[in-house]
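The values are calculated or read from the model by the stated rules, or taken from the named source; none is laboratory data. From a predicted model like this one, the values you see are computed outputs, not experimental measurements. Quick reminder, even Gly has a Cβ in these numbers, built from the backbone with ideal geometry, and neighbours come from all protein chains shown.
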Amino acid sequence: MLVVMQEGASEAQTEKVISRLVEMGFTVHRSTGVRHTVLGGVGPIDDFDPAILEVMEGVKECHRIVSPYKLASRHFKPAGTIIKIGSLDIGDSKIVSMAGPCSIENQEQIESAAEIVASGGARVIRGGAFKPRSSPYSFQGMGEEGLRILRSAADRHGLLVVSEVMDQTQIPLLFEYADILQVGARNMQNFNLLRELGKIRKPVLLKRGVAATVEELLLSAEYIMSGGNYEVILCERGIRTFETSTRNTMDIAAIPVLKRLTHLPVIADPSHGTGKRDYVLPMARAAVAAGADGLLVEVHPDPDRAISDGAQTLRPHQFSEMMQQIRAIAAAIGRAA
């Protein structure tokens, strides 16, 4: 349920409405906008009369939210969420680029990658310290040592860090080193992990599962938000279909769909979305044109020698070209990059 307070409603009036919602069995989540405070009531109660709340002092209107996701719904925050990390805003008019290698291999590789990322104009460096691999015999990542290397290189080049968390036991470690914690496609419905991420106060980048619907992605975001962490970034990274010419099928249409349904920032990962570096630039351009708030791409100093995902990883000159192209497209649609 959604309760919109009147412009200028007092704190006492708002607290009285919150108390009434709690009495009715709802868990209340508060969103304060420029003009109105919005109260989102989440609970199992369906047979209530909204008029009970509409007649209370300070209440402008009350609505039922019929979608299964309440807090992630655009009804909860019509203006959209802007996630602030230091001087970086994610979700406003400027498109944010995040780039780096699939996995952290060694200090020299990460230092070189950080220089490429920073010089190209990206604001966040990515790199996996714990790698979810299909084969147990594949490289599994450098762990904490890799995170130290990544953090150090990022700080030297003025970058933020995004890295993947695999399970809830790794949250304290990632919390220490990363500015954004990434939930990979394989863990999108790891609900124990999502619940624990709801307890922290650090942005979470949530990737769409390989066979997940848009609604399932939003419900996964709801798990995090219901715990009190509203700083969720959604990521379209391709889904598995019958098509075999690309690693996944990049669902560009999901971007405007998500922008209509949710207030959360939406970014795109054309590297995993296609699996082939020659297709990354076209899909990056398409994602920006479709309304993505940012891009997450893989770039490596020498992709041919990358330990993981080399085939979908951009060469340094390709990354530079991509950044130039998305700036032009952003300007054409009234945004910046």
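Filter the stretch 272-312 down to the residues that are touching a residue at least 60 places away in the same chain (Cβ under 8 Å) and buried (at least 24 other Cβ atoms within 10 Å of the Cβ) and list them by number.
Scanning the stretch 272-312 gives His272, Val288, Ala292, Asp293, Gly294, Leu295, Leu296, Val297, Glu298, Val299, His300, Gln312.
Tell me which residues, restricted to the stretch 103-124, are farther than 16 Å from Cys235 by Cα and within 17 Å of the chain's Cα centre (by Cα).
Answer for the stretch 103-124, where residues must be farther than 16 Å from Cys235 by Cα and within 17 Å of the chain's Cα centre (by Cα): Ala122, Arg123.
Working only within the stretch 23-54, note down all residues that are in a helix (DSSP H, G or I) and surrounded by 13 or more Cβ atoms within 10 Å (Cβ to Cβ).
Leu53, Glu54
Of the residues in the stretch 64-86, how many are farther than 29 Å from Ile180 by Cα and without any contact (Cβ under 8 Å) to a residue 12 or more places away in the chain?
Adding up the residues that qualify gives 1.
Are there helices (runs of 4 or more DSSP H) fully within the stretch 188-278 with at least 1 residues that are out of contact with any Lys or Arg (no Cβ under 6 Å at 6 or more places or on another chain), modelled with pLDDT of 95 or more and among the aliphatic types (A, V, I, L, M)? List them.
So the answer is 191-197, 214-226, 254-261.
From the set of residues in the stretch 74-97 that are surrounded by 19 or more Cβ atoms within 10 Å (Cβ to Cβ) and touching an Asp or Glu at 6+ places or on another chain (Cβ under 9 Å), which is nearest to Ala290 (Cα to Cα)?
That would be Ile95.
Which count do you get for residues in the stretch 185-216 that are under 16 Å from Arg240 (Cα atoms) and under 14 Å from the mean Cα position of the chain (by Cα)?
7
Which of the following residues is surrounded by fewer than 21 Cβ atoms within 10 Å (Cβ to Cβ), in contact (Cβ under 8 Å) with a residue 24 or more places away in the chain, of a type in the set (D, E, K, R) and touching a helix residue (DSSP H, G or I) at 6+ places or on another chain (Cβ under 6 Å): Glu111, Glu61?
Only one candidate passes the filter, namely Glu111.
Which of the residues that make up the stretch 167-191 are of a type in the set (A, V, I, L, M, F, W, C), free of Cβ contacts under 8 Å to residues at least 60 places away in the same chain and under 19 Å from Met98 (Cβ atoms)?
Result: Leu174, Phe175, Ala178, Leu181, Val183, Met188.
Going through the stretch 159-189 one residue at a time, which ones are under 20 Å from Ile267 (Cβ atoms) and of a type outside the set (A, V, I, L, M)?
Ser163, Glu164, Asp179, Gln182, Gly184, Arg186, Asn187, Gln189
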